[in-house]
Amino acid sequence: MGSQSNRTKVVMSADKPDDLITSDNPDHPANLIPSLCAKFWTLGWVTGTGGGCSIREDDLVYIAPSGVQKELMKPTDIYVLSLAAQTDPTLRQRTYLRSPPCYKPSQCTPLFLAAFTRRGAGCCIHTHSHWAVLVTLLLEQQQGDSSKVFEINNIEQIKGFGRGMGKTGNLGYHDTLRIPVIENTPHEEDLTEFLEEAMEQYPDTYAVLVRRHGVYVWGDNVHKAKTQCESLDYLFQLAVEMKQLGLPWISQVTPVGPQR
Ligand SMILES: CSCCC(=O)C(=O)COP(=O)(O)O
Ligand SMILES: [Zn+2]
């Protein structure tokens with residue numbers, strides 16, 4: 001296995017690339033990625049340069065640099081690419097409309113692109129949250145296929161999740177939330193094929209856990225991706241604490257009141 005630099009070819013193009021990341025609007029992706037990452041850092045999601053997030057607006061994808069302190073990023077650090085301009089179906093060769101000097105694009109880029117191309121997501125967040133990692137370690141203790149999926153039900157915060165891309169409404173209190181787990185690989189970009197397999201196996205999932213590493217969470221837009229990532233982190237923490245108390249993640253609770 002080589003390093004990312006000799007595995008992924010990066011091509012540059014664009015007339016006025018800085019126009020793509022210059023805006024007074026705090027909700028512009030080039031402003032939003034740094035401000036979101038600064039918030040995520042306070043939650044322990046993107047410490048030590050790990051983790052990050054990417055935003056897609058129509059055809060344009062905004063990506064952070066690799067190996068930088070994500071909470072200190074500036075809009076001028078952001079890469080931009082056009083999804084339509086990508087001709088390599090494996091996305092190993094990528095054409096950037098804007099590329100800041102001195103950096104490489106995030107190693108998470110092909111995983112973010114999988115969420116955009118395969119799910120039509122508008123935002124994808126990758127965290128190295130302790131709670132996500134601990135859940136994968138607890139699952140690792142289980143035998144067989146049960147170690148490959150996190151399942152929880154009958155917890156109010158499950159309502160923070162959509163039913164699936166293209167489906168309306170959110171999960172209900174009694175629904176079971178299932179998040180597949182893939183094994184970690186030495187290089188982040190090598191996770192892509194396993195993330196894509198998990199997406200196929202769990203067509204309604206909005207997240208994939210990576211064993212001993214973290215989690216990828218996406219949504220139609222920034223608001224939904226952030227809501228789902230926060231809900232998931234809450235559930236992961238709860239699950240770890242439930243396990244410490246000997247409480248099961250799946251429970252049989254008799255529904256009360258009218259079922260809608
Ligand atoms: C200590 S971070 C190792 C790489 C990683 O897992 C990650 O999420 C960050 O990758 P990037 O290329 O965006 O710095
Ligand atoms: Zn990572």
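Count Lys and Arg as plus one, Asp and Glu as minus one, and take only other residues whose Cβ is under 13 Å from that of Val217; the net charge is then 0. Highest mean first, the peptides 19-28, 175-184 sorted by other C-beta atoms within 10 Å per residue fall in the order 175-184, 19-28. Summary of packing: across the peptides 69-81, 154-166, the per-residue average of other C-beta atoms within 10 Å ranks them, highest first, as 69-81, 154-166. For the stretch 148-246, the direction-averaged projected area of the alpha-carbon convex hull comes to 6.6 nm².
Taking the alpha carbon gyration tensor of the chain, multiplying each eigenvalue by 5 and rooting it gives semi-axes of 33, 19, 17 Å, largest first.
In percent, rounded to a whole number, the relative contact order of the stretch 113-260 is 32, using alpha-carbon pairs under 8 Å and six or more apart.
The Cα atoms of the stretch 86-203 give a gyration tensor whose axes a ≥ b ≥ c have a/c of 1.5 or more with a/b greater than b/c, which makes the shape prolate.
For Lys226, a cut-off of 30 angstrom between C-alpha atoms picks up these lysines, skipping any fewer than 8 places away in its own chain: Lys39, Lys70, Lys74, Lys104, Lys148, Lys159, Lys167, Lys243.
Each value in this text was obtained by applying a stated rule to the coordinates, not by laboratory testing. Because the structure is a prediction, the values reported are computed rather than measured. Every residue, glycine as well, gets a Cβ built from its backbone with ideal geometry; the counts of neighbours run over all protein chains shown.
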